[in-house]
Amino acid sequence: MAASGSGKSFLTNDIITSYISAGATIWTIDIGRSYEKLCKDIGGDFIEFGEHSHICLNPFQIVKNYNEEADMLVGIVVSMASMTDKLSDLQYSRLRSIIKLLWDEHGTGLLVDHIAESAIADEDQRVKDLGHQLYAFTTQGEYGKYFRKFSSSPASDTA
């Protein structure tokens, strides 16, 4: 974190532009609308979350090559499971294994529910805990509405 006006948005705009020019797909969570102009300038979709939004953010559906994108996917799920504490090496390793096994089974249809259920079924309590910690992002949780459906368009507002 840095003070307002210290160039965070400028640096991030530069990074985003570099990745876009290399053909990458970028998703940015924008609190404060710092990236709205850039999004419009490069022809992106600026989607607002609100009480009546029907946005679907299934991070698995945009995967083209799991082996190249596994670190990103695992990182997203780790952030969901533990927003404040670092996972133990065992938890991280097991979560990575679970996601790979479920990817092989479900592919781009993989949902957070699948990961939570598999973790809860694990014999190790530390891994079970991860499954419970993912609850908020499952179909039953408060953020589940953003992750529960497979959409024909990533970040779709019509799913």
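The values are calculated or read from the model by the stated rules, or taken from the named source; none is laboratory data. On a predicted model such as this, the values are computed, not experimentally measured, just so you know. FYI the Cβ positions are ideal-geometry reconstructions off the backbone, even for glycines, and counts take in every protein chain you see.
State all residues of segment 27-56 that are within 22 Å of T108 (Cα to Cα), in a loop (DSSP other than H, G, I, E, B) and modelled with pLDDT under 85; if no residue qualifies, say none. Answer for segment 27-56, where residues must be within 22 Å of T108 (Cα to Cα), in a loop (DSSP other than H, G, I, E, B) and modelled with pLDDT under 85: W27, T28, I29, I47, H54, I55.
Annotation: V78 fulfils all but one of (1) closer than 24 Å to R148 by Cα; (2) exposed (fewer than 13 other Cβ atoms within 10 Å of the Cβ); (3) among the hydrophobic types (A, V, I, L, M, F, W, C); the unmet one is (2).
The residue list I42, I20, I26, I15 contains one member that is of a type in the set (V, I, T) and within 23 Å of Y143 (Cα to Cα), which is I26. Scoring L87 on the criteria (1) touching a His at 6+ places or on another chain (Cβ under 9 Å); (2) modelled with pLDDT of 95 or more leaves a single failure, condition (1). Selection within segment 83-116: residues that are surrounded by 15 or more Cβ atoms within 10 Å (Cβ to Cβ) and in a loop (DSSP other than H, G, I, E, B). The member of this set that is farthest from the chain's Cα centre (by Cα) is L87.
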